[in-house]
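Take a look at the structure below.
The values are calculated or read from the model by the stated rules, or taken from the named source; none is laboratory data. These figures come from a predicted structure and were not determined experimentally. For neighbour counting, all protein chains shown are included, and Cβ atoms are generated from backbone atoms with ideal geometry for every residue, glycine included. Just so you know, the surface numbers come from the protein's heavy atoms only, side chains and all, with ligands and any DNA or RNA stripped out. Shrake-Rupley method; radii C 1.70, N 1.55, O 1.52, S 1.80 Å.
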Amino acid sequence: MAPGARRSAWIGAGIAATITVVASSMRGDLDPAVVAAGVVAVIAGGLVGSLSRPRRVAPTEVAARTRHSIAEALLANIPDPVILVDRRSVVIEVNPAARMLLPALKLKHPLSFALRAPDVLDGIEEVLRTGAPLKTLYTTRVPTERAFEVQIGALPMPDGPGGGQPNVVLFLRDLTAARRLEAMRVDFVANASHELRTPLASLLGFIETLQGPAKADAPAREKFLGIMKTQAQRMTRLIDDLLSLSRIELREHVPPTQVVDLGQIARQMVDMQGPLARERGVSVTLDAPDPAYHVLGERDELARVVENLVENAVKYGGGNVVVGLERTFRPASGKPQIALSVRDDGPGIAPEHIPRLTERFYRVDVASSRQKGGTGLGLAIVKHIVNRHRGKLVIESEPDRGTTVRALLPEQSSAAVASTIG
Ligand code: ADP
């Protein structure tokens, strides 16, 4: 094949592969093999072209150059770092993502000046020796801990200097978020299993006692059956909360479309929970002066928010619990919003706990939460519901003064409400 035709072929392949790369990365299923192929083709197109002998510029050549600049622009838009080195590991090409990750990267300087990763440098030598691509890991702790999978592949340079010696392309894929998610998943499974195992072990213990030593002891049987019921209820609550959480998470990206009156929902929940709270010596009142507070929402989910927040205020706070509703404005955009607040004048929460309260299974005092029938999932559920409603959850607390939890939800304008109702 003539040099010009070969260059065009490389560029064509490069553009096609790079489009696939960018499309894949937008879909979030970036395949390193495709990326490497695209990158190799794009860079090879450029290098083979630039190293070819000077000649007259034909119209096909002009078209090829245009395609080449498109390919370069696409390469620059690949969100993952890409680095090209020669067979002595000297840097000959980098994309902006690579420069951002490794600011010390400089063209014509050895890669080891910027990337102190023996596994990667050894990997380059191995790829040059064997010709086969390989993957290795690169981790960095500065400025934050990050992990990258590095795909290293040989880039044939048939027309290049060095008598056809190949260069090497490095494609780095950020694994930090995926690893964090995986760690969260493992933690979650471990926590959920532990939470279920505790009441289950207690149930099994009491069953064995009732089958053995306490078989004929009627008063002990009554007492143990009562404890077993409490433990079984705890397991049921935990499973219900786990299922609610996963259902809400599944729909979190689908915003609700129904117009609902948050005032009416709050009133219903206060009426329902008030009598139970009074039995515990806690008053629950509603402070909602306006006739209606419209938001786009899912009635059952918003009722769950009020229910969980009031339950927490009664369980951990106490005194006078006030459920408030007011119209406010978002500080940044000035858009109207409805603030649903649940305030108690209980012991409050120390500041170091507040940022973690919405994590699954996080409790300030595990024993007290269990004893009060808590699962550690209540605020996580509230947070996900508020997220789904495109709102914001704010927890404010002062030790010895009490706690206020606010759900800020975008208000549905009266014009929109009229058109929905009409
Ligand atoms: P739980 O099922 O344990 O109630 P939540 O996710 O609802 O779980 O709450 C997490 C923790 O936050 C509780 O265990 C409690 O320690 C703390 N908490 C929540 N609301 C309040 C409140 N109003 N006052 C004091 N502590 C609270």
Report summary line: Expressed as a percent, the accessible surface of segment 254-421 that is carbon or sulfur, using a 1.4 Å probe and the full set of protein chains, is 51
Report summary line: Under the Karplus relation with 6.51, -1.76 and 1.60 and θ = phi - 60°, whole-Hz ³J(HN,Hα) for segment 286-291, x at Gly and Pro, equal 10, 10, 9, x, 7, x
Query - Karplus (6.51, -1.76, 1.60) ³J(HN,Hα), θ = phi - 60°, over segment 166-176, in Hz, Gly and Pro reported as x - result: x, 8, 10, 10, 10, 10, 9, 10, 6, 9, 4
**Report entry** Inter-label distance for S193 and Q165, nm, one decimal - labels placed 7 Å from Cα along Cα-to-Cβ
**Finding:** 5.3
Report task. Could I have the simple spin-label model distance between Q371 and E326, label points 7 Å from Cα toward Cβ, reported in nm to one decimal? Result -> 3.6
Query raised in the report: Among all the lysines, which ones have a C-alpha under 25 Å from K106's C-alpha, if same-chain residues fewer than 8 places away are not counted?
Result: K135
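So if we plug the beta-carbon distance of Q264 and R221 into 1/(1 + (r/R0)^6) with R0 = 56 Å, what FRET efficiency do we get, rounded to 0.05?
Details: r = 47 Å, r/R0 = 0.84.
That pair, Q264 with R221, gives E of 0.75.
May I ask you to give the solvent-accessible area per residue for segment 103-235, in square angstrom, as obtained with a 1.4 angstrom probe?
Numbers: 8250 Å² over 133 residues.
With the other protein chains kept in place, segment 103-235 gives 62 Å² per residue.
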Query raised in the report: In nm, to one decimal, how far is the modelled label at T130 from the one at R280, with both set 7 Å along Cα→Cβ?
Result: 6.2
Query raised in the report: What is the set of long-range amide H partners of E298 at a cut-off below 5 Å, with H atoms built 1.01 Å from backbone N?
Result: none
Query - Part-to-part distance (alpha-carbon centres) for segment 166-215 and segment 67-145, which is given in Å - result: 37
Requested in this report: Among the aspartates and glutamates, select those whose C-alpha is under 17 Å from the C-alpha of K223, and discard any that sit fewer than 8 residues away in the same chain.
Outcome: E208
Query - Computed accessible area, Y138, all protein chains, 1.4 angstrom probe, square angstrom - result: 20
Requested in this report: Determine which lysines satisfy two conditions relative to K335: a Cα distance under 19 Å, and not lying fewer than 8 residues away in the same chain.
Outcome: K392
Report task. Give the accessible area for E222 in Å² (nearest 10); use a 1.4 Å probe, count only protein heavy atoms, and leave out ligands, DNA and RNA. Result -> 120
**Report entry** Contour minus Cα-Cα distance for D300 and T176 (0.36 nm per residue)
**Finding:** 41.0 nm
Requested in this report: Would you kindly derive the ³J(HN,Hα) couplings of segment 260-268 from the backbone phi angles with the Karplus curve 6.51 cos²θ - 1.76 cosθ + 1.60 (θ = phi - 60°), listing them in order in whole Hz, with x for Gly and Pro?
Outcome: 10, 9, 5, x, 5, 4, 4, 4, 4
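Extension gain A214-L200, at 0.36 nm per residue separation less the Cα-Cα distance, in nm?
On the way: separation 14, 0.36 × 14 = 5.04 nm, distance 1.92 nm.
Gain on stretching A214 to L200: 3.1 nm.
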